[in-house]
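Before any comments, here is the structure.
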Amino acid sequence: MRNNSRLARNMSRSRLSVVLTMAPIAVVLSVSFVAFNAASATDEVPQDAGAPAAAEQVPQLDPRMEAYDQFRALLETGQYAEALPLAQRVVELTEVAADRDIELPVAYNNLGATQFQLGNYADAEASYQKSLELVESRQGISSRRLVVPLTGLGTVYAALDQHPLAAEYFDRALAVSRRSEGLFNLAQLPLIDQLVNSLYVLGDYKGVERGRFYALKIAEQNYGFDDPRTLPATTQLASFYESVSQFAAARGMYLRMRDISMQESGGFNPLTIRSLIAIARTHRLQYTLDPTSLVDDMALRDLDYGDPVPQGNQSSLLAPHANRAGLNSIESALSLLRSTPDPPSQLLLEALVEMGDWFMATARLGAAMPFYAEASTIQPVEPDQGNPLLAPRVVFYRPPVAAVRSIETDSRKLLIRKTVFSLLVTETGDTQDITVVSSDMSEAQQVLARRALERAVYSPRFEQGRPVATEGVLFTGEWRELEPIEAPSAAGT
């Protein structure tokens, strides 16, 4: 009988856990109750030596445990509205329980997570704050149990677009995690993701870079430099660098992804293909959007073959040139896909489009069109996304230098002026018939923005595998400038 009682309690303990994934910014909250003692239901019943043995008593289910089990069952099927009253019931029962100090914060975490799923952010905030206060008052400001309510509060504030507050709570949760679990514990990786999401919205790109780089170091410390398990952190850092136009830094991460993925055995590796496509893309975008970052004294190379151009002929070519290594990378990706039986259609589509973009960006229309034509016939894996070649796309556009000049100041704000143009994109990707739809730029700014658009190159729209002209294409040009300084008033003077 005693063994059966212990078994029942152990089984209860194993049941009492739930994982909630919260959107739109994911956070994993692991919450659990410790099974409490119900002695009257599970202890041995003394027997009279002369009386017949009584039937074994069946343990009675505790009301709190019963409410929790029902709550968890509803959560597992996504029935959050039905689970909410049960989460509240568990809180009420835990308020008067003997283990109140230990389990009440957990009950409030469950309630807050459920309220968050239902979009009740104010209620979720109150629940997490209550949990936080309980843990702080009973276990101090360094308890590892603080991580869940701190993360919950950060997630609530992020959902409310209160990112300064969200970053503050995520930072604090990370500090507790590192003190209690170690500087390089893996459990903090989801927290870093949430923190950098808020920092990115705030424009704190240095903070984002530090967070992504630290996440990569955590993976390296736990798995080793070349371990495939470092690839998620490497990918995130590469994507960040590319999003802020740090193409050389992004390419370094993509090269690392390529090298690690190529070490894995087992034949075709989609990550290798994606890495090669990304390497080509960063070369192309750097040449297109940030040509001044290219090495000025690199030898000019012929666009057709990559051979050094004789000194006397260099004046006829635009400098600097796109690096041939980018073209080699996308050619390698396509070669691997062509040699693979039944290659993934999405990867083939991406590689063909990138190859076409590469040639269009370097003024080789004839070479680009066959790749575009083939890509236009491929149905994407996600039909709602559509094939990118079913509408014109900007491939090459360099805005006026003055429009994108970096201006850093603490005392004056940066204004962004815009002009919406309407234009015709020909079957060869040229821009014609450019007109202004709306604008808050000056006349001089409009003139320069229009000239830049006249030199832009599009991938044309395709119908039945053939390029066609498209009228009424809209393009928005931007111009960044400092907010003007107000002249002092006569009285003030």
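Here are the numbers for the structure shown:
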{"item": "Check on Val201, closer than 29 Å to Tyr287 by Cβ, part of a helix (DSSP H, G or I) and under 15 Å from the mean Cα position of the chain (by Cα)", "result": "no"}
{"item": "For Ile277: the one exception among (1) more than 26 Å from Pro164 (Cα to Cα); (2) modelled with pLDDT under 95", "result": "(2)"}
{"item": "Residues located in the range 210-231, provided they are closer than 19 Å to Leu195 by Cβ and hydroxyl-bearing (Ser, Thr, Tyr)", "result": "Tyr214"}
{"item": "Residue within the range 165-186 that is surrounded by fewer than 21 Cβ atoms within 10 Å (Cβ to Cβ), modelled with pLDDT of 95 or more, within 26 Å of Glu264 (Cβ to Cβ) and out of contact with any Lys or Arg (no Cβ under 8 Å at 6 or more places or on another chain) present", "result": "yes"}
{"item": "Any pair with Cβ under 6 angstrom, 6 or more apart, that starts in the range 404-427 at a residue that is charged (D, E, K, R) and ends at one that is modelled with pLDDT of 85 or more and in a loop (DSSP other than H, G, I, E, B)", "result": "Arg417/Asp440; Arg417/Met441; Glu427/Pro460; Glu427/Ala469"}
{"item": "Criterion (loosely packed, with under 15 Cβ neighbours inside 10 Å, more than 28 Å from Arg178 (Cβ to Cβ) and either in contact with a Lys or Arg (Cβ under 7 Å, 6 or more places away or on another chain) or modelled with pLDDT of 95 or more (or both)) met by exactly one of Ala122, Ala55, Ala98, Ala51", "result": "Ala122"}
{"item": "Gly154 being closer than 20 Å to Ala187 by Cα and part of a helix (DSSP H, G or I)", "result": "yes"}
{"item": "Listing of helices (runs of 4 or more DSSP H) fully contained in the range 77-149 that carry 2 or more residues being basic (Lys, Arg) and closer than 23 Å to Ala175 by Cα", "result": "121-139"}
{"item": "Exclusive hit being without any contact (Cβ under 8 Å) to a residue 24 or more places away in the chain, part of a helix (DSSP H, G or I) and not assigned by TED's automatic domain parsing to the domain that holds Val468, set Ala351, Ala367, Ala375", "result": "Ala367"}
{"item": "Pair list, Cβ under 7 Å, 6 or more apart: the range 63-84 residue under 24 Å from Tyr121 (Cβ atoms), other residue among the aliphatic types (A, V, I, L, M) and loosely packed, with under 15 Cβ neighbours inside 10 Å", "result": "Tyr80/Leu118; Ala81/Leu118; Leu84/Leu118"}
{"item": "Check on Thr230, at pLDDT 95 or above, surrounded by 22 or more Cβ atoms within 10 Å (Cβ to Cβ) and either of a type in the set (Ser, Thr, Tyr) or out of contact with any helix residue (DSSP H, G or I) (no Cβ under 6 Å at 6 or more places or on another chain) (or both)", "result": "yes"}
{"item": "Residues (in contact (Cβ under 8 Å) with a residue 60 or more places away in the chain and among the polar types (S, T, N, Q)) located in the range 99-116", "result": "Asn109, Asn110, Thr114"}
{"item": "So Asn222, is it at pLDDT 95 or above and farther than 25 Å from Glu168 by Cα", "result": "yes"}
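The values are calculated or read from the model by the stated rules, or taken from the named source; none is laboratory data. This is a predicted model, so every value here is computed, not measured. Neighbour counts run over all protein chains shown; Cβ positions are idealised from the backbone, glycine included.
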